[in-house]
Amino acid sequence: MFHFVIRTDASNSIGTGHVIRCLTLADALARNGAQVSFICREHEGHLCDLIEKRGYPVHRLPKPIDTANTDSGLSHAAWLGAHWQQDADQTSACIQSLEPDWLIIDHYGVDYRWERIIRPLVSRIFVIDDLADRDHDCDVLLDQNLFTDMQTRYSGMVPKNCTFLLGPDYALLQPVYADLHDRIPSRVGTIRRIFISFGGADSDNLTGRTLAAFSNLKRTDIEVDVALSENSPHTAAIERQIVEHPNIHVYGALPTLAPLMAKADLSIGAAGTTTWERLCLGLPAIVITLAENQRPIVDGLTGKGLIRYLGHKDEVSVQDIQQALSEQIKDELDENWSIKCRQIVDGRGVDRVCAVLTATPDMPLRVRHARLSDEELLLTWANDPMTQQYSFSSEPIPEETHRKWFHERLRDIESCSIYIVETKSGIPLGQVRFEKEEQVWELHYVVSPIFRGMDLGKTFLNTALLKFREENSGVLVFGRVKTENIRSQRIFEGLGFTGKPDGGGWRISVCSDSGSWMSAYIPDLLINWMFEGHEVRWAHDASELPEGDISFYLSYGKIVNDTLLLRHSNNLVIHASDLPRGRGWSPMTWKIIEGENDIAVTLFEAAESVDSGQIYKQVHLEYTGVELIDKLRSSLAQATIELCRSFLQDYPAITKEGIPQQGTPTYYPRRHHEDSFIDINKPLRDQFNLLRTVDNVKYPAWFELKGKRFIIQIYRAVNDEPKTEAHNDR
């Protein structure tokens, strides 16, 4: 479980936006099982109590006493309420006791100097910024705003390997906005309801100015909803201002502004964090900037026709607002305005950010076929600078060229399969494409730039290959993956090439039973070998395999005759027994039932007589006696994979080192459903080893009582699986 610490502040001058968006992110992280805590200074107008009410511990820094010594050369230095060195030292004292995996910083008063002091105390640093006016020492940087120079905005300001999350796709909105994004109709025609919000501080009382402008219109037929912080210094004045206006409604502390925005036809507000909430719900807005950092934001929004910009706060009068409102009410609303707004933000930004921050090499993934709607996403990935660096052409791909290529591939369902690999929450990780050239499938893939460097490559490709295997019967032949792919992703470094002396790869076949549990682990072998330069084949029927150099029979229950064995120079089998003892079917299951916890795993040459070939390698798995079937299978699969890799590493010299089996053979029969029978008249302890080996889905444990059959399923109660050690014997 990840532990996140968030350093952010709220105050009468800072406002509430930084804390509110950090709370949104904290909620998403917590839903994913993370532990989250905050570090905040007790400014006037702080939100520490609110954070604690939401269930997060707050480590409070002292209230600012003297702000004269806060100058650090940053335009927002005073927002820290202390000198940056002092704040960093105080934050360090808190972090040392917390030992977080991530530090999240959402504060304009912090730059690289502060971050370098904290760096040794945390694994990774995530910065949320909107200004691009200072250097950062961080691993990931988020700027959710829309700027014309977004891709170059932070050039030279962060470490070279920093991951960028740029633009409204990563806007930190509450989940309700994503839910409402496709439910709220576009605004069109007559304006019946207006929403007013200028953020939590609104120290200049733009709210009062806007209400005065609306009152002058004398439009009693239009309802107005106003969001106003209960801590606003202008609350009393505004309440007096609306006494004689029953169509104006003021709301204090609200858990979300979404219901008010959903009802509104038009909004009037600033260019802060509510900008992205309005856009997500397709709400047209008249905007007034409250701070200098909002000016570039409105430039980007205005350029795309997403807002009507009136000007900066000190440039806009009551008369200006009144005129803009009057004109907009008269002109009514063009539906295209609302549609364009909704296209910019889908509300899933917090899910995307959370996916990046919680990514692990073994995270569960899902895969689906590419759709027409993926066209823009695939083009963005293809034109990413890192992707272009290792592609056949370093030139950006024109949109029309990519569209033609993509549409042709989608139609060619016999020779091309394009998959999108996603997190369980549906955040795309990248594309995996299989293209058929004659009888050989070639593998191509692109990892989303935001997920590079997270060691996801193997899981990413395994998931896609399993899906491809499910949808394509018969033998699958995969060509070598080009060298550029290895360099660009670097997910298989250190494997070492194990090809022929002339530099070419081997033709390697793998044969497994269809539906075998081992099939989930086989892609790991195939992908490694493809990236080493070998041609690999995978089949569920040995008779379908073409000729080759080496074949591995893994969890394959059929006897392979001499004619089929002659198709390969060497045929290898891996068996969970100390041969010649334990030949036959399901040896590990039988041994566990017999009470053994030291399981030999043997790699040997296949022969027409079952399990009788010479032995090349062997390892031992040592169990504690409480592992269930998933753990037993997982450790056996890993031992199997390592034996296969080790054999190929030493091939072909190892074929001269085989040892004939010695001793008297013993045999195990094939297991059937009846072998999972539990005798309710015997103690459970005496039958626990049987329960350890049952498959809860395919062949669960069962018993009979009064002529009725009952099923028993077994799971571990806690996530404290014991370690299993494998020891090489050869």
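The values are calculated or read from the model by the stated rules, or taken from the named source; none is laboratory data. Here the structure is a predicted model, which means the values were calculated and not measured. Quick reminder, even Gly has a Cβ in these numbers, built from the backbone with ideal geometry, and neighbours come from all protein chains shown.
Please tell me if Tyr154 is more than 22 Å from Ala26 (Cβ to Cβ), out of contact with any Asp or Glu (no Cβ under 7 Å at 6 or more places or on another chain) and of a type in the set (Phe, Trp, Tyr).
Values: more than 22 Å from Ala26 (Cβ to Cβ): yes; out of contact with any Asp or Glu (no Cβ under 7 Å at 6 or more places or on another chain): yes; of a type in the set (Phe, Trp, Tyr): yes.
Yes; evaluated as a whole, the condition is true for this residue.
Taking the condition of being under 25 Å from Asn696 (Cβ atoms) and in contact (Cβ under 8 Å) with a residue 24 or more places away in the chain, how many residues in the stretch 583-633 meet it?
Residues meeting the conditions: 26.
Tell me the residue from Glu239, Glu230, Glu315, Glu244 that is of a type in the set (Asp, Glu), touching a strand residue (DSSP E or B) at 6+ places or on another chain (Cβ under 9 Å) and assigned to a loop (DSSP other than H, G, I, E, B), please. Outline the logic, then answer.
Details: Glu239 fails: assigned to a loop (DSSP other than H, G, I, E, B); Glu230 fails: touching a strand residue (DSSP E or B) at 6+ places or on another chain (Cβ under 9 Å); Glu244 fails: touching a strand residue (DSSP E or B) at 6+ places or on another chain (Cβ under 9 Å).
Selected residue: Glu315, the only one of Glu239, Glu230, Glu315, Glu244 that is of a type in the set (Asp, Glu), touching a strand residue (DSSP E or B) at 6+ places or on another chain (Cβ under 9 Å) and assigned to a loop (DSSP other than H, G, I, E, B).
Would you check if Ile321 is surrounded by 12 or more Cβ atoms within 10 Å (Cβ to Cβ), touching a Lys or Arg at 6+ places or on another chain (Cβ under 8 Å) and either closer than 23 Å to Phe434 by Cα or touching a residue at least 60 places away in the same chain (Cβ under 8 Å) (or both)? Give the derivation first.
Values: surrounded by 12 or more Cβ atoms within 10 Å (Cβ to Cβ): yes; touching a Lys or Arg at 6+ places or on another chain (Cβ under 8 Å): yes; either closer than 23 Å to Phe434 by Cα or touching a residue at least 60 places away in the same chain (Cβ under 8 Å) (or both): yes.
Answer is yes for this residue.
Tell me which residues, restricted to the stretch 616-651, are polar (S, T, N, Q), more than 24 Å from Gln662 (Cα to Cα) and assigned to a helix (DSSP H, G or I). Please lay out each step first, then the result.
Going residue by residue through the stretch 616-651, those that are polar (S, T, N, Q) are 618, 624, 634-635, 638, 640, 646, 649.
Cutting the leftovers down to more than 24 Å from Gln662 (Cα to Cα) gives us 624, 634-635, 638, 649.
Those that are polar (S, T, N, Q), more than 24 Å from Gln662 (Cα to Cα) and assigned to a helix (DSSP H, G or I): Ser634, Ser635, Gln638, Gln649.
Restricting to the stretch 93-117, count the residues that are among the β-branched types (Val, Ile, Thr) and part of a helix (DSSP H, G or I).
At the first step, the residues of the stretch 93-117 found to be among the β-branched types (Val, Ile, Thr) are 95, 104-105, 110, 117.
With the extra rule that they be part of a helix (DSSP H, G or I), the set shrinks to 95, 117.
Looking only at that region, the number is 2.
Looking at the structure I just gave you, is Val601 under 30 Å from Asp686 (Cβ atoms), of a type in the set (A, V, I, L, M) and within 42 Å of the chain's Cα centre (by Cα)? Spell out the reasoning first.
Details: under 30 Å from Asp686 (Cβ atoms): yes; of a type in the set (A, V, I, L, M): yes; within 42 Å of the chain's Cα centre (by Cα): yes.
Here the answer is yes, as Val601 does meet what is asked.
Within the set of pairs 6+ apart or on separate chains, which have a first residue in the stretch 501-518 that is at pLDDT 85 or above, a second that is basic (Lys, Arg) and in a strand (DSSP E or B), and C-beta atoms under 9 Å apart?
From the stretch 501-518, the pairs are Arg507/Arg537; Ile508/Arg537; Ser509/Arg537; Val510/Arg537; Cys511/Arg537.
With (1) in contact (Cβ under 8 Å) with a residue 24 or more places away in the chain; (2) farther than 20 Å from Arg581 by Cβ as the list, and Ala653 as the residue in question, which single condition is left unmet?
(1)
Which condition breaks for Gly613 when tested against (1) buried (at least 16 other Cβ atoms within 10 Å of the Cβ); (2) part of a loop (DSSP other than H, G, I, E, B); (3) in contact with a Ser or Thr (Cβ under 8 Å, 6 or more places away or on another chain); (4) of a type outside the set (Lys, Arg)?
So Gly613 meets the others, but not (3).
Could you list, in sequence order, all residues of the stretch 286-311 that are farther than 12 Å from Lys340 by Cα and not in a helix (DSSP H, G or I)?
Answer for the stretch 286-311, where residues must be farther than 12 Å from Lys340 by Cα and not in a helix (DSSP H, G or I): Ile286, Val287, Ile288, Thr289, Leu290, Ala291, Arg308, Tyr309, Leu310, Gly311.
Rundown of residues vs (1) over 22 Å from Gly515 (Cα atoms); (2) not in a helix (DSSP H, G or I), yes/no style:
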position: Gly426; (1), (2): yes, yes
position: Gln431; (1), (2): yes, yes
position: Val446; (1), (2): yes, yes
position: Phe460; (1), (2): no, no
position: Thr463; (1), (2): no, no
position: Leu466; (1), (2): no, no
position: Arg469; (1), (2): no, no
position: Ser473; (1), (2): no, yes
position: Val477; (1), (2): no, yes
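Could you list all residues from the stretch 131-156 that are aliphatic (A, V, I, L, M) and part of a loop (DSSP other than H, G, I, E, B)? Reasoning before the result, please.
As a first pass, look at the stretch 131-156 and keep what is aliphatic (A, V, I, L, M): 131-132, 140-142, 146, 150.
Within the stretch 131-156, Leu131, Ala132, Leu146 meet the criteria.
Just one of (1) more than 24 Å from Gln319 (Cβ to Cβ); (2) touching a His at 6+ places or on another chain (Cβ under 9 Å) trips up Glu230, so point out which.
(2)
Of the residues Phe531, Phe492, Phe497, which single one is at pLDDT below 90, among the aromatic types (Phe, Trp, Tyr), surrounded by fewer than 15 Cβ atoms within 10 Å (Cβ to Cβ) and more than 24 Å from Thr563 (Cα to Cα)?
Details: Phe531 fails: surrounded by fewer than 15 Cβ atoms within 10 Å (Cβ to Cβ); Phe492 fails: surrounded by fewer than 15 Cβ atoms within 10 Å (Cβ to Cβ).
Answer to the check: Phe497.
How many residues are surrounded by fewer than 22 Cβ atoms within 10 Å (Cβ to Cβ) and either within 15 Å of the chain's Cα centre (by Cα) or of a type outside the set (Phe, Trp, Tyr) (or both) when one looks only at the stretch 432-445?
Residues in the stretch 432-445 being surrounded by fewer than 22 Cβ atoms within 10 Å (Cβ to Cβ) and either within 15 Å of the chain's Cα centre (by Cα) or of a type outside the set (Phe, Trp, Tyr) (or both): 9 in total.
Filter the stretch 332-356 down to the residues that are among the aliphatic types (A, V, I, L, M) and crowded, with 19+ Cβ neighbours inside 10 Å and list them by number.
Narrowing the stretch 332-356 to residues among the aliphatic types (A, V, I, L, M): 333, 339, 344-345, 350, 353, 355-356.
Correct list: Ile344, Val345, Val350, Val353, Ala355, Val356.
Got a sec? Which of Arg581, Arg537 is assigned to a loop (DSSP other than H, G, I, E, B), at pLDDT 90 or above and either under 25 Å from Arg368 (Cα atoms) or out of contact with any Asp or Glu (no Cβ under 9 Å at 6 or more places or on another chain) (or both)? Steps first, please.
Values: Arg537 fails: assigned to a loop (DSSP other than H, G, I, E, B).
Of Arg581, Arg537, the one residue that is assigned to a loop (DSSP other than H, G, I, E, B), at pLDDT 90 or above and either under 25 Å from Arg368 (Cα atoms) or out of contact with any Asp or Glu (no Cβ under 9 Å at 6 or more places or on another chain) (or both) is Arg581.
Looking only at the stretch 141-157, which residues are among the aliphatic types (A, V, I, L, M) and surrounded by fewer than 21 Cβ atoms within 10 Å (Cβ to Cβ)? Before the answer, list the steps.
So in the stretch 141-157, the residues among the aliphatic types (A, V, I, L, M) come out as 141-142, 146, 150, 157.
Result: Met150, Met157.
Across the stretch 225-261, which residue is nearest to Tyr177 (Cα to Cα) among those that are out of contact with any Ser or Thr (no Cβ under 9 Å at 6 or more places or on another chain) and among the aliphatic types (A, V, I, L, M)?
Looking at the filtered set, the residue picked out is Ala258.
Kindly provide the set of residues from the stretch 286-304 that are within 17 Å of Thr207 (Cβ to Cβ) and without any contact (Cβ under 8 Å) to a residue 40 or more places away in the chain, ordered by number.
Kept after step one, since they are within 17 Å of Thr207 (Cβ to Cβ), are these residues of the stretch 286-304: 286-291, 294.
The answer is Val287, Thr289, Ala291, Gln294.
Name every residue in the stretch 540-557 that is surrounded by 21 or more Cβ atoms within 10 Å (Cβ to Cβ) and part of a helix (DSSP H, G or I), in order of residue number.
Hit for the stretch 540-557 is Ala542, nothing else.
For Tyr56, all conditions in the list (1) more than 24 Å from Asp133 (Cα to Cα); (2) assigned to a helix (DSSP H, G or I) hold save one; what is the number of the exception?
Every listed condition holds for Tyr56 apart from (2).
Looking at Asp549, Asp562, Asp578, which one is touching a His at 6+ places or on another chain (Cβ under 8 Å), charged (D, E, K, R) and without any contact (Cβ under 8 Å) to a residue 60 or more places away in the chain? Lay out the reasoning, then the answer.
On the way: Asp562 fails: touching a His at 6+ places or on another chain (Cβ under 8 Å); Asp578 fails: touching a His at 6+ places or on another chain (Cβ under 8 Å).
Testing whether each residue is touching a His at 6+ places or on another chain (Cβ under 8 Å), charged (D, E, K, R) and without any contact (Cβ under 8 Å) to a residue 60 or more places away in the chain leaves just Asp549.
For Asp562, are the conditions met, namely being of a type in the set (D, E, K, R) and surrounded by 19 or more Cβ atoms within 10 Å (Cβ to Cβ)? Talk me through it step by step, then tell me what you get.
On the way: of a type in the set (D, E, K, R): yes; surrounded by 19 or more Cβ atoms within 10 Å (Cβ to Cβ): no.
No, not satisfied.
Among the numbered conditions (1) buried (at least 18 other Cβ atoms within 10 Å of the Cβ); (2) over 32 Å from the mean Cα position of the chain (by Cα); (3) modelled with pLDDT under 95, tell me where Asp66 comes up short.
(1)
Give the stretch 203-223 a look and list any residue that's without any contact (Cβ under 8 Å) to a residue 60 or more places away in the chain and either closer than 25 Å to Gly347 by Cβ or over 41 Å from the mean Cα position of the chain (by Cα) (or both), or say none.
Step one: filter the stretch 203-223 for residues without any contact (Cβ under 8 Å) to a residue 60 or more places away in the chain, giving 205, 207-208, 211, 215, 218, 220-221, 223.
Of everything in the stretch 203-223, those that are without any contact (Cβ under 8 Å) to a residue 60 or more places away in the chain and either closer than 25 Å to Gly347 by Cβ or over 41 Å from the mean Cα position of the chain (by Cα) (or both) turn out to be Asn205, Gly208, Leu211, Ser215, Lys218, Thr220, Asp221, Glu223.
If Glu422 satisfies every condition in (1) at pLDDT 95 or above; (2) farther than 23 Å from Asn32 by Cα; (3) in contact with a strand residue (DSSP E or B) (Cβ under 7 Å, 6 or more places away or on another chain); (4) not small (Gly, Ala, Ser) but one, which is the exception?
(2)
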